[in-house]
Every structure is written in structure tokens, then in C-alpha cells.
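Read the structure below first, then the notes.
The values are calculated or read from the model by the stated rules, or taken from the named source; none is laboratory data. Bear in mind the structure is a predicted one, so any value in this text is a computation, not a measurement. Positions of Cβ are generated from backbone atoms using ideal geometry, with glycine treated the same way; all protein chains shown enter the neighbour counts. What goes into the accessible areas is simple: the full protein's heavy atoms, side chains included, and nothing from ligands, DNA or RNA. Shrake-Rupley method; radii C 1.70, N 1.55, O 1.52, S 1.80 Å.
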Amino acid sequence: MTENRVVFTTVGFEPGLVIRSMVRIGLTKNDLVVLIYSSSGDEYSKRKVYEALNSIKEFLRTIGVENIDCEISGTNFYDDIKKIVKVLVQHKDRDIMMSLVGGMRMMILASLYALEILTTLYKIRAKIHIMREDGLYEIFLRTPLVPLIGKSEMRLLHMIKEKDLNNMRRSEVVRKLIELTGLTEFSLRKTLNNMEKKDLIKIENGNLRLTELGEILADL
């Protein structure tokens, strides 16, 4: 079997949102799903979590997707991060997706923290899926959520914004930035390539535009 993605998903009382997230992600039979959950709390809470787990596992069985458990305490933040990081490291050579739609806020934060540690330490990228409970609003993010940004990259972000170069032909943007900065074409293109890798800018159909993150930083 060709390895594909490993999808980590946080699980709480409600299985429906988790299943909708999996559908939106588009699972295949080559994927592996890691179910992050905690059975801490009273008997009612434990029962609700296990019922949700069983519903999710039944859904995964029907579509032929393998799954494994990652049980955390839900009471020790840093121990929980360690447990999640340990599983993440085991699968760091696969494409990683994390669905943060179910479960306790502390579990979601621990999972996000663990993912940031992994992607920063190993210099790899991962995707995150978050969605409103009613499913009407969702977004896919990449880690690290805010990459390390150099002074030259910040300077170019400001210039693209202030000089109305956003969403212009890439060749024209490069020409104007060379005039404004005095950089060589080689240096400028290298910096722009790094900015694209960090999701600060995007090249589409020959046009260069700021991403949503790039827009936020350019306004600072």
C-alpha cells in the first residue's frame, strides 16, 4: 500500500462535526486517522467520548480507512503535548493533516502546540482544518502558523502593499522592486521564492499577490 496522509483529529462528545471534517478533508483508503481523545471526567463524560469514538470508528470502517488511538490525560497540558508529539514523530515522513474541530479547548491547544513543535523542529509543513460547529465556515491553514520572517521579507511586503504592486504581473513587480530596493534580480527572486514558501505571497497565472497572512503583516 502506498503511504499517503496521516490525519490527526481531536474528539469530544460530538462525532458529527469530526465526521464532516473528514468528509471535507477527503479521506482515501491510503490514509491513516489518529484519534486524539481524553476519557477524563465523570462517568457521563467518559461514556459520551467513547460513544463518539465508536461512531467515528464505524464511519471509518465503512470507507475502509485505518485508525489508531492517541489517548491523552486531559489534565496535564505538557504531558499531553509529549504524547501527541511522540505519535506525530512516528509519522513525520507522511503528509500530515490535523483536524481541530472536536473536543476540549485544552486538547485542541495541546494538539496545535505539538504540531508547531514538530513542524518547527523538522522543518516540515502540515495542514490544519478548523470549522464552525454548524459547518458554515471553515479554513485550511499551514504550519508553522506564523513563519520566521526576515527584515528584507517584511520590507518587501510593505513595498508591495504601499506601492500598489499587489496582484500585478510578477515580472513587473520584480522590475519595480529592483528599482525601489537596488537589489540584484537574483537576490530579489530568491527572497520572493522564500516568501512564497512561507505563504506570504502567491503566484497565480503569472500574477503576484499577497496572501491573507501577507496582507496582515504588510499592514503592521
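Counting 0.36 nm for each residue step from residue 121 to residue 204 and taking away their Cα separation leaves a gain of 26.9 nm. Taken about its Cα centre, the stretch 4-74 carries a charge dipole of roughly 280 debye when the Cβ of each Lys and Arg holds +1 and the Cβ of each Asp and Glu holds -1.
At the listed q of 0.15, 0.18, 0.19, 0.26 Å⁻¹, the Debye profile of the stretch 41-119, built from one uniform point per Cα, gives log10 I(q)/I(0) equal to -0.61, -0.87, -0.96, -1.36.
Averaged per residue, what accessible area in Å² does the chain show with a 1.4 Å probe, protein chains only? Per-residue value: 56 Å².
For the chain, a crude dipole built from +1 on the beta carbon of Lys and Arg and -1 on the beta carbon of Asp and Glu, taken about the Cα centre, is about 700 debye to the nearest 20. The charge dipole of the stretch 59-167, taken about its Cα centre with unit charges on the Cβ atoms of Lys, Arg (+1), Asp and Glu (-1) only, comes to about 440 debye. Using a cutoff of 8 angstrom between alpha carbon atoms and counting only pairs six or more residues apart, the relative contact order for the chain works out to 17 percent. Extension gain, residue 141 to residue 106: 0.36 nm times the residue separation minus the Cα-Cα distance gives 10.7 nm. Bridge orientation summary for the stretch 90-220: considering DSSP beta bridges with both residues in this region, about 80 percent are antiparallel. DSSP bridge analysis restricted to the chain gives an antiparallel fraction near 40%, rounded to the nearest 5. Along the charge dipole of the stretch 86-211, pointing to its positive end and built from +1/-1 on Cβ of Lys, Arg, Asp and Glu, which listed residue (141, 160, 109) has its Cα farthest out? The Cα lying farthest towards the positive end belongs to 160. Stretched out straight at 0.36 nm per residue, the stretch from residue 44 to residue 152 would grow longer than its current Cα-Cα span by 33.4 nm. Phi angles of the stretch 123-129 translate, via the Karplus equation with coefficients 6.51, -1.76, 1.60 and θ = phi - 60°, into HN-Hα couplings of 6, 10, 10, 9, 10, 10, 10 Hz per residue; Gly and Pro are given as x. Close amide H pairs (under 5 Å, H built 1.01 Å from N) link residue 126 with 143, residues at least 5 positions away or on another chain. Averaged over residues, the count of other Cβ atoms within 10 Å places the peptides 114-120, 133-139 in the sequence 114-120, 133-139, highest first. Of the three principal axes defined by the Cα atoms of the chain, the extents in descending order read 67, 34, 34 Å. Sequentially through the stretch 189-200, phi angles give Karplus couplings (6.51, -1.76, 1.60; θ = phi - 60°) of 5, 5, 5, 5, 4, 5, 5, 5, 5, 8, 6, 8 Hz, Gly and Pro residues having no value and appearing as x. Percent of Cα-Cα pairs more than 11 Å apart in the stretch 32-73, please. When every Cα pair of the stretch 32-73 is considered, 65 percent fall beyond 11 Å.
Each of residue 95 and residue 193 was given a label point 7 Å from its Cα along the Cα-to-Cβ line. The distance between the two points is 2.3 nm. Couplings 3J(HN,Hα) of the stretch 98-107, computed from phi: 10, 9, 10, 10, x, x, 5, 4, 5, 5 Hz, in residue order, whole Hz [Karplus 6.51 cos²θ - 1.76 cosθ + 1.60, θ = phi - 60°; x for Gly and Pro].
Please compute, over every Cα-Cα pair in the stretch 99-162, the percentage with a separation greater than 18 angstrom. Taking all Cα-Cα pairs of the stretch 99-162, the fraction more than 18 Å apart is 52 percent. Each peptide in 55-68, 187-200 gets a packing score, the mean of other Cβ atoms within 10 Å over its residues, and the list from highest to lowest is 187-200, 55-68.
Mean projected area of the Cα convex hull of the stretch 109-199, taken over all directions, amounts to 7.9 nm². The residue list 89, 184, 124 was ranked by how far each Cα lies along the charge dipole of the stretch 88-220 toward its positive end, using unit charges on Cβ atoms, and 184 comes out on top.
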